[in-house]
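Participant: Can you keep this structure in mind? I'll have questions shortly.
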Amino acid sequence: MEFIQHLNPKDTGWIEVITGCMFSGKTEELIRRLRRAEIAKQNVVIFKPEIDKRYSDTKIVSHNELSLPSIMIGSASEILDNSENAQVIGIDEAQFFDRTLLDVCNKLANTGKRVIVAGLDQDYRGIPFEPIPELLAIAEYITKTLAICVECGNPADRTQRKIASAERVLVGAADSYEARCRKCHYIPGEGGSH
Ligand code: ZN
């Protein structure tokens, strides 16, 4: 975001994406940006998908327990209905929305709003987690947050699932995951050596 600090877009909206693996500080960074917008007296509204009930129904909460009030929604199209008066729109856990999110983010940015989206870029297998890859393509600003590999201490961008399950998402199971680097990451049940 150094770029934005030096050259703020004028008379236009834009899309920022904060993406990376679990425990990389995505929500923390989202909250940091939204707090600064609030301090600047901008009208901020925050959304999260219904699937993410792990900590709170009415807040987004980072792993280090920062939080901001948020609106829980069932589909991305509800964001438009609730953003009319907002100047800044925050969206957390965006990987749980479908491709409608792309259109919604473009519409918001096209009407002059700043849209800040946080979400996982890969699932537990290391497969790109749609719609985030396409969101990266239409965003003006991208931040990839890295965690620390719990095995070797390298920068980590993979989410290691510690239990065998074919489900893409295990909601409310943060204990079942840890951050790993490329070298130490494996897919449970597929001949991992760890
Ligand atoms: Zn490692």
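Please treat every number below as a calculation from the coordinates, not as lab data. Since this is a predicted model, take the numbers as computed values, not measurements. Counting neighbours? That spans all protein chains shown, and the Cβs are built from the backbone with ideal geometry, glycine included.
Participant: For segment 168-184, how many residues are among the small types (Gly, Ala, Ser) and assigned to a loop (DSSP other than H, G, I, E, B)?
Facilitator: 2
Participant: Moving to a separate point now. What pairs come up if the first residue lies in segment 103-126 and is among the polar types (S, T, N, Q), the second is outside any helix (DSSP H, G or I), and their beta carbons are under 7 Å apart, counting only those six or more places apart or on different chains?
Facilitator: That search, which allows pairs on different chains as well, returns 110/13; 111/13; 122/21; 122/128; 122/129; 122/158; 122/159.
Participant: Let me ask you something else. In segment 131-152, what residues are away from the ligand (no atom under 12 Å from the Cβ) and in contact with a strand residue (DSSP E or B) (Cβ under 6 Å, 6 or more places away or on another chain)?
Facilitator: Of all residues in segment 131-152, those away from the ligand (no atom under 12 Å from the Cβ) come to 131-145.
132, 135, 136, 139, 140, 141, 142, 143, 144, 145 - these are the residues of segment 131-152 that are away from the ligand (no atom under 12 Å from the Cβ) and in contact with a strand residue (DSSP E or B) (Cβ under 6 Å, 6 or more places away or on another chain).
Participant: Of these, 128, 155, which one is within 16 Å of the ligand (Cβ to nearest atom) and surrounded by fewer than 19 Cβ atoms within 10 Å (Cβ to Cβ)?
Facilitator: 155
Participant: Which residue out of 166, 109, 118 is among the small types (Gly, Ala, Ser) and farther than 16 Å from residue 79 by Cβ? Explain how you work it out, then say what you get.
Facilitator: Numbers: 109 fails: farther than 16 Å from residue 79 by Cβ; 118 fails: farther than 16 Å from residue 79 by Cβ.
Going through 166, 109, 118 in turn, just one is among the small types (Gly, Ala, Ser) and farther than 16 Å from residue 79 by Cβ: 166.
Residue by residue, here is whether (1) under 25 Å from residue 178 (Cα atoms); (2) part of a strand (DSSP E or B); (3) more than 14 Å from the chain's Cα centre (by Cα) holds:
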position	(1), (2), (3)
101	no, no, no
109	no, no, yes
117	yes, yes, no
126	yes, no, yes
134	no, no, no
153	yes, no, yes
160	yes, yes, yes
166	yes, no, yes
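Participant: Restricting to segment 7-46, give me the number of residues that are outside any loop (DSSP other than H, G, I, E, B), more than 11 Å from the chain's Cα centre (by Cα) and under 21 Å from residue 106 (Cα atoms).
Facilitator: Selection size over segment 7-46: 8.
Participant: What number goes with the only condition from (1) free of Cβ contacts under 8 Å to residues at least 40 places away in the same chain; (2) buried (at least 21 other Cβ atoms within 10 Å of the Cβ); (3) not hydroxyl-bearing (Ser, Thr, Tyr) that residue 66 does not pass?
Facilitator: (2)
Participant: If I filter segment 111-121 for residues that are closer than 11 Å to residue 21 by Cα and within 16 Å of the ligand (Cβ to nearest atom), do I get at least one hit?
Facilitator: No, the conditions are met nowhere in segment 111-121.
Participant: Within segment 163-182, which residues are under 13 Å from residue 123 (Cα atoms) and within 16 Å of the ligand (Cβ to nearest atom)?
Facilitator: As a first pass, look at segment 163-182 and keep what is under 13 Å from residue 123 (Cα atoms): 165-171, 177-180.
Within segment 163-182, 177, 178, 179, 180 qualify.
Participant: I would also like to ask the following. Select, from 80, 102, the only residue that is buried (at least 16 other Cβ atoms within 10 Å of the Cβ) and away from the ligand (no atom under 16 Å from the Cβ).
Facilitator: 102
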